[in-house]
1. Can you find a residue that is farther than 22 Å from Cys43 by Cβ, open to solvent by 60 Å² or more (accessible area, probe 1.4 Å) and either touching a His at 6+ places or on another chain (Cβ under 7 Å) or touching a residue at least 24 places away in the same chain (Cβ under 8 Å) (or both) anywhere in the range 142-155?
2. Could you look through the range 66-86, keep only residues that are open to solvent by less than 20 Å² (accessible area, probe 1.4 Å) and part of a strand (DSSP E or B), and pick out the one that is modelled with the highest pLDDT?
3. What tally of residues in the range 117-134 results from selecting those that are closer than 11 Å to Asp100 by Cα and either open to solvent by 100 Å² or more (accessible area, probe 1.4 Å) or out of contact with any Lys or Arg (no Cβ under 7 Å at 6 or more places or on another chain) (or both)?
4. In the range 117-172, which residues are touching a helix residue (DSSP H, G or I) at 6+ places or on another chain (Cβ under 9 Å) and either more than 21 Å from Gly186 (Cα to Cα) or β-branched (Val, Ile, Thr) (or both)?
5. Quick check on my filter: what residues within the range 137-154 are farther than 18 Å from Asp48 by Cα and touching a Lys or Arg at 6+ places or on another chain (Cβ under 9 Å)?
6. Quick one: how many residues across the range 37-65 are part of a loop (DSSP other than H, G, I, E, B) and either modelled with pLDDT of 90 or more or surrounded by fewer than 16 Cβ atoms within 10 Å (Cβ to Cβ) (or both)?
7. Would it be correct to say that Ala99 is within 21 Å of Asp51 (Cα to Cα), open to solvent by less than 70 Å² (accessible area, probe 1.4 Å) and at pLDDT below 95?
8. Of the numbered conditions (1) surrounded by 15 or more Cβ atoms within 10 Å (Cβ to Cβ); (2) in contact with a strand residue (DSSP E or B) (Cβ under 6 Å, 6 or more places away or on another chain); (3) not charged (D, E, K, R), Phe114 fails exactly one; give the number of that condition.
Amino acid sequence: MVESRTRRRGANRTEGRWRRQVRRGMLLLGCWTAATGCDGGSCIEVCDLPDEGWAARQAIVFTFRPDSTSVHRAARRSGETGGAWIDLMVRHRNDFPYADLLLEIKGVAPDKRFWVDTVDFPLAEPDEEGNYRWTGRTYSNHSDVTHRYRSGIRYRTAGEYALSIRQLAAPDTLQGIIAVGMIASGSSAAAVR
């Protein structure tokens, strides 16, 4: 009888040690995921803007790498719908004077192919009385708005992609934008240089 108690204690110690190692591993995995900016295959990057405002010539550049499976799938199935997507996020103060934000977006692929888009990013919508109300999530002093920039993306080549965003709303400095961000599905954060 004494031997079985000893064995049970040893088994419980081993089981407890194993559970602690699993918990520690899950904690480290969670920290690594938060640090790299990835949540289930999406790369999230946010750039906080200075209090002085967003200068007209200031471009915000985000870099990301599509997963190799996204690139290979796109190469095999060129006629298939679906694909990856990119969302843009804007955080602005509630006293921001405009209902939309005009943006110039330049994208560069690893093979140096590029594209340029001009996007009218809506921040508010009119209600039935003609008054504008902020879209997205509104908090006490700011609003967060996210819209789909592109969908059905098929990456042709593996490597680092860059997305440059510049405001076209003000000729000098635009006041009231707090942060700009990007979410790229099926991607990971590019290496920090």
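The values are calculated or read from the model by the stated rules, or taken from the named source; none is laboratory data. Quantities reported herein were computed from a predicted structural model and do not represent experimental measurements. Please note: Cβ atoms are built from the backbone with ideal geometry, for glycine as well, and neighbour counts cover all protein chains shown. For accessibility, only protein heavy atoms count, side chains too; no ligands or nucleic acids. Shrake-Rupley method; radii C 1.70, N 1.55, O 1.52, S 1.80 Å.
1. So in the range 142-155, the residues farther than 22 Å from Cys43 by Cβ come out as 142-143.
If we keep only those that are open to solvent by 60 Å² or more (accessible area, probe 1.4 Å) too, we end up with none.
No, the range 142-155 contains no residue that is farther than 22 Å from Cys43 by Cβ, open to solvent by 60 Å² or more (accessible area, probe 1.4 Å) and either touching a His at 6+ places or on another chain (Cβ under 7 Å) or touching a residue at least 24 places away in the same chain (Cβ under 8 Å) (or both).
2. Ranking the qualifying residues of the range 66-86, first place goes to Ile86.
3. Summing the residues that are closer than 11 Å to Asp100 by Cα and either open to solvent by 100 Å² or more (accessible area, probe 1.4 Å) or out of contact with any Lys or Arg (no Cβ under 7 Å at 6 or more places or on another chain) (or both) in the range 117-134 gives 8.
4. Residues satisfying the conditions are Ile153, Thr157.
5. Within the range 137-154, Arg154 is the sole residue that qualifies.
6. Initially, the range 37-65 is screened for residues part of a loop (DSSP other than H, G, I, E, B), giving 37, 39-41, 49-53, 56-59.
If we keep only those that are either modelled with pLDDT of 90 or more or surrounded by fewer than 16 Cβ atoms within 10 Å (Cβ to Cβ) (or both) too, we end up with 39-41, 49-53, 56-59.
Count: 12.
7. yes
8. (1)
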